[in-house]
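Only one structure is covered here, and it is reproduced in the block below.
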Amino acid sequence: MLLCALASTPALAEEAWLHPTLVGELDYRQHASDVEGFSGFTLARLRVGAEARPLPWLVARGVAEWAQEKPALVDAFVAVRLVKDLRLSLGFMKTPLFASAYDEHLEARAIPELTGLTQAFWPRRDLGLEARWTPSSLPLETWVRVGNGSRSPLGNDNQLPALDVRVDGRWGRATGRAESFWGVRVGAGTHVESAYDRAGIGGIGPQGFVYYRPPPVSGPRTVTEAHARVDVGPVRVVAEAAAAWERRSRDTDGNPDTPRESLPELQSQGATLEVSWVIWGKPRTDSPLWPQAGEGSVEALQALREGQLPHGALEVAGRVERLWLGRGAADVTSGGSVSGALAVRWWATSFLGVGLAGYLQRYDAAPLEEPDRRTSWMALARTTVSFH
């Protein structure tokens, strides 16, 4: 109560160091089949938490997702700036691969849901230590992260850690200079870990439906990705590609002390291309090194939706992508998909947005639940409320 009273006092408002976080997204959806999801209203997200900045060089963040059967931790980390241009983060947070997934808040995307490429290949979140270095004398941005690789804040599923490395070159608006007419970000990253009887890379649609279920993988896993983003005025073009190699083995005698039988390696690839255009409103920009702490680009969203009713900002976007999954093993049925999406989003104010989106997919192999159907679609109308 005392903190709220102090934060609401005009003389102290600018000095408040605790900031609430709330993201709510309400959808009305239409699905191609009840197997993939029921049509009607659904709560897509309800993320509640707080971010503390008690000192200029210290940030702590905790956020949980409530729009599911059980609450789940989204972020729980502390980030510090020890020396100029170097930030260390410790805790449960996003892994740095895939610029489209790591660099922006999910609710700030032009097309509401992540690409099928990132749904399949992105390591998502884990518990670990991350260093982000952005030298002021070079157009570079680098990340090195050592984590548990299990996607759980509770610990690892084996004794070996995961390693993530990403290196980007950036120029113009991609360095955080909002006044620049153009910007370029080009980079690549690698994720290396050792899995233990874990599901391999599968196919997940925008509605969360798993249309390709891979076999278990065990042993070394390597995921590589490359990305390029070009901004010219109000237009942004994003291209991403990824490849993965996953070892497999099985226990044939029930004795964990004896060697496992090796199985053929799985190989998966994918690529996506997305184009967005801010018809009116300020175009997107990148966030600076500090004070952001891995939670995504707040400045990008603020620039996009800056304005007052009835103007705000309007953005349209489209994308195409192709996935090849579960290749290279004669004992495994491969899968994949060709897909596309279109969306229009209007940011009415700095915290309220509405939009429409449509998704279309063509599966390489029919899902197990509906063996006679290989085409899928989803249409949604979304209302977003976002405070950071």
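Determine the calculated [θ] at 222 nm for the chain from helices alone, applying -39500 (n - 2.57) to every DSSP H run no shorter than 4 residues and normalising by the residue count; nearest 500 deg cm²/dmol. The helix-only estimate for the chain comes to -1500 deg cm²/dmol at 222 nm.
When its C-alpha radius of gyration is set against 2.2 N^0.38 Å (N residues), region 14-104 gives a value of 1.41.
Whole Å is fine, so just give me how far the alpha carbon centre of region 60-103 lies from that of region 172-249. Cα centres, region 60-103 to region 172-249: 17 Å.
Can you classify region 92-140 as rounded, prolate or oblate using the Cα gyration tensor, where a ≥ b ≥ c are the square roots of its eigenvalues, rounded means a/c under 1.5, and otherwise it's prolate if a/b beats b/c and oblate if not? Oblate is the answer for region 92-140, as a/c is 1.5 or above yet b/c matches or exceeds a/b.
Charge dipole of the chain (Cα centre as origin; +1 on each Lys and Arg Cβ, -1 on each Asp and Glu Cβ, all else neutral): 680 debye, rounded to the nearest 20.
With bins 20 Å wide beginning at 0, the percent of Cα pairs of the chain falling in each bin runs 26, 59, 14, 1. Translational diffusion of region 101-258 was estimated from the Stokes-Einstein equation, with Rh taken as the Kirkwood radius over Cα pairs; at 37 °C and 0.692 mPa s the coefficient is 186 µm²/s. Taking every protein chain into account, the accessible area of the chain amounts to 46 square angstrom per residue (probe 1.4 Å). Across the chain, the relative contact order, built from alpha-carbon pairs under 8 Å that are at least six residues apart, equals 14 percent. Protein heavy-atom surface of the chain, 1.4 angstrom probe: 65% of the accessible area is carbon and sulfur, with nucleic acids and ligands not counted.
Projecting label points 7 angstrom from Cα along Cα→Cβ for R213 and V144 puts them 4.1 nm apart.
The values are calculated or read from the model by the stated rules, or taken from the named source; none is laboratory data. A quick note: this is a predicted structure, and the numbers were derived from the prediction, not measured. As a convention, Cβ positions derive from the backbone with ideal geometry for all residues, glycine included, and neighbour counts pool all protein chains shown. Keep in mind that these areas ignore ligands, DNA and RNA; they rest on the heavy atoms of the full protein, side chains included. Shrake-Rupley method; radii C 1.70, N 1.55, O 1.52, S 1.80 Å.
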